[in-house]
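The next block holds one structure in the form of structure tokens; read it before the comments.
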Protein chains: 2
Amino acid sequence: MQDPTFLILLALSDRPRHGYGILLEAKELSGGTIRIGPGTLYGALERLEDAGHVELDREEIEDGRPRRYYRLTRRGRGVLVEETQRRENLVGLAKRRLAHR
Amino acid sequence: MQDPTFLILLALSDRPRHGYGILLEAKELSGGTIRIGPGTLYGALERLEDAGHVELDREEIEDGRPRRYYRLTRRGRGVLVEETQRRENLVGLAKRRLAHR
DNA sequence: TATGATGTATCGGTCAACGATATATGGATT
DNA sequence: AATCCATATATCGTTGACCGATACATCATA
């Protein structure tokens, strides 16, 4: 799993969000350094949905425009936790290796 | 930067290694969980060489077979340190977010 | 009036990663 | 003697995530 997908799952970890809300939250989360474009987002959402990691929470219509809210599934949360652990292990490895020269 | 490239730089961080040695070290480093294939390695090495992150250290001939040793450049080390920092930040973010629910 | 924020969506290109395969040698096993 | 495994480098074609650009629509603001 690459960074954008990881960020998307992370943005959904506290509550359901719609697409644009995910983009904003990912930007907010990273302090503005990481920006995900719509081309990345919607492709990733489709893949995550197929994998059963996220699902459609609800669909609202506001001012004639649809807002599709996605939520993390139980399985998606598990995947996110595992991925975080995996990344933590790798970073720990790197830090130890870079420390003692 | 994705995991395989990160692992390759990390494998070269203590001393120069030849291609096959990098594969073994990456496997060792990760406790056997991450395996890099030759198709990934040599493509990545070429890219890293073009970017000036690794360079050819020396070339030995043993039993008629060449062994090409690569070393991390100063710039490559800097990139590795930065990448480690970047990954650490992201993991820290994720852990904090997953902790307080 | 026109710019920017909000909001969803598609399209095509790029490029790292990856599996499979090829070549070659030496040592261990059958 | 033949076969397998480890060593060692390298190429090729495919996949797929990512990404920029673009499109469309509405509303508020300048």
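Of these, A:GLU55, A:GLU59, which one is more than 12 Å from every other protein chain (Cβ to nearest Cβ), open to solvent by 70 Å² or more (accessible area, probe 1.4 Å), in contact with a helix residue (DSSP H, G or I) (Cβ under 8 Å, 6 or more places away or on another chain) and more than 8 Å from DNA strand C (Cβ to nearest atom)?
A:GLU55
Confirm whether A:GLU49 is more than 14 Å from chain B (Cβ to nearest Cβ), assigned to a strand (DSSP E or B), open to solvent by 30 Å² or more (accessible area, probe 1.4 Å) and within 16 Å of DNA strand D (Cβ to nearest atom).
no
Which residues, counting only those in the stretch B:62-96, are at pLDDT 95 or above, farther than 18 Å from B:GLU25 by Cβ and either within 15 Å of DNA strand C (Cβ to nearest atom) or among the acidic types (Asp, Glu) (or both)?
Result: B:VAL79, B:GLU82, B:ARG86, B:ARG87, B:GLU88.
For residues in the stretch A:27-44 being within 10 Å of DNA strand D (Cβ to nearest atom) and surrounded by 11 or more Cβ atoms within 10 Å (Cβ to Cβ), which is nearest to the other protein chains (Cβ to nearest Cβ)?
A:ILE34
Only residues in the stretch A:66-78 that are away from every other protein chain (no Cβ under 14 Å) and over 16 Å from A:GLU46 (Cβ atoms) count as the first member; pair them with residues that are more than 16 Å from DNA strand C (Cβ to nearest atom) and in a helix (DSSP H, G or I), Cβ under 9 angstrom, at least 6 apart or cross-chain, and list the lot.
A:ARG75/A:ALA51
Got at least one residue in the stretch A:82-90 being open to solvent by less than 40 Å² (accessible area, probe 1.4 Å) and within 14 Å of DNA strand D (Cβ to nearest atom)?
Yes: the stretch A:82-90 contains one or more residues that are open to solvent by less than 40 Å² (accessible area, probe 1.4 Å) and within 14 Å of DNA strand D (Cβ to nearest atom).
The values are calculated or read from the model by the stated rules, or taken from the named source; none is laboratory data. Keep in mind that what you see is a predicted model, and the values were worked out from it rather than measured. Ideal geometry is used to build each Cβ from the backbone, glycine not excepted, and the neighbour counts take in all protein chains shown. Keep in mind that these areas ignore ligands, DNA and RNA; they rest on the heavy atoms of the full protein, side chains included. Shrake-Rupley method; radii C 1.70, N 1.55, O 1.52, S 1.80 Å.
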